[in-house]
Amino acid sequence: MRLIITFRVFAIIQVFMVLTTLTAPETVVKSFGLSYNTDTLLFMQFCAVFQLMLALVTFVLPSWLGINLWKAAPTYVWLSLLPFFLKVYHISFGIVAITNTFYVESSFWLGFAVVFYSFGKRMKLRF
């Protein structure tokens, strides 16, 4: 049950992040220390569609897999770690400056990776 809730919360937060990005794109871009222009907005809209697709699949995944949901947990551990690794890469090579947003988002992604891992292991042991 905890893993189901984790998948659903992950999806809902993804939708919330997309809505935030689409309603205030200039603020989101500036929070990362980048400059905003119309080309950036176009690219962000394309990315938002893909993020919404992932959120939809994540939300319905518990219904599809049922008691085998633990099988998807390791994949979501890595999906949660990918944005963290990308941010570390960008900061390490000086592409973007480190900001408070980095710490907030990194803790969010690392937290989900830990939760997917631990709840996935617990569910696997039960079935």
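The values are calculated or read from the model by the stated rules, or taken from the named source; none is laboratory data. Quantities reported herein were computed from a predicted structural model and do not represent experimental measurements. Cβ coordinates were reconstructed from backbone atoms using ideal geometry, including for glycine residues, and neighbour counts include every protein chain displayed.
Every condition in (1) without any contact (Cβ under 8 Å) to a residue 40 or more places away in the chain; (2) buried (at least 16 other Cβ atoms within 10 Å of the Cβ) is met by Ile4 except one, and the failing one is (1).
The number of residues in the range 7-31 that are more than 24 Å from Val114 (Cβ to Cβ) and loosely packed, with under 15 Cβ neighbours inside 10 Å comes to 7. Within the range 43-60, the residues that satisfy the criterion of being farther than 16 Å from Leu22 by Cα and of a type in the set (Val, Ile, Thr) are Val57, Thr58, Val60. Residues in the range 87-107 that are loosely packed, with under 15 Cβ neighbours inside 10 Å and charged (D, E, K, R): none.
Counting only residues that are out of contact with any Ser or Thr (no Cβ under 8 Å at 6 or more places or on another chain) and either among the charged types (D, E, K, R) or part of a loop (DSSP other than H, G, I, E, B) (or both), the range 87-108 holds 7 of them. The residue of the range 62-86 that is surrounded by the most Cβ atoms within 10 Å (Cβ to Cβ), among those that are part of a helix (DSSP H, G or I), out of contact with any Gly (no Cβ under 6 Å at 6 or more places or on another chain) and of a type in the set (A, V, I, L, M), is Leu69. The residue pairs whose first member lies in the range 108-127 and is surrounded by 15 or more Cβ atoms within 10 Å (Cβ to Cβ), whose second member is of a type in the set (S, T, N, Q) and part of a helix (DSSP H, G or I), and whose beta carbons are closer than 7 Å, counting only pairs six or more residues apart or on different chains, are Trp109/Ser80; Phe112/Ser80; Ala113/Ser80; Val115/Thr6; Phe116/Thr6; Phe116/Ser80; Phe119/Thr6. Remark: Phe59 falls outside the filter, which requires a residue to be in contact (Cβ under 8 Å) with a residue 40 or more places away in the chain, in contact with a Ser or Thr (Cβ under 6 Å, 6 or more places away or on another chain) and in a helix (DSSP H, G or I). Just checking, does the range 31-43 include any residue being in a helix (DSSP H, G or I), in contact (Cβ under 8 Å) with a residue 24 or more places away in the chain and within 30 Å of Lys121 (Cα to Cα)? No, the range 31-43 has no match at all. Close contacts from the range 83-100, counting a first residue that is under 23 Å from Phe112 (Cα atoms) and a second that is at pLDDT 85 or above and small (Gly, Ala, Ser), with Cβ to Cβ under 6 Å and a gap of 6+ residues or different chains, come to Phe84/Ser106.
All of (1) under 14 Å from the mean Cα position of the chain (by Cα); (2) touching a residue at least 60 places away in the same chain (Cβ under 8 Å) hold for Thr75 with one exception: (2). Of everything in the range 32-50 that's within 22 Å of Ile91 (Cβ to Cβ), surrounded by 14 or more Cβ atoms within 10 Å (Cβ to Cβ) and not aromatic (Phe, Trp, Tyr), which residue is modelled with the lowest pLDDT? Top of the filtered list is Thr40.
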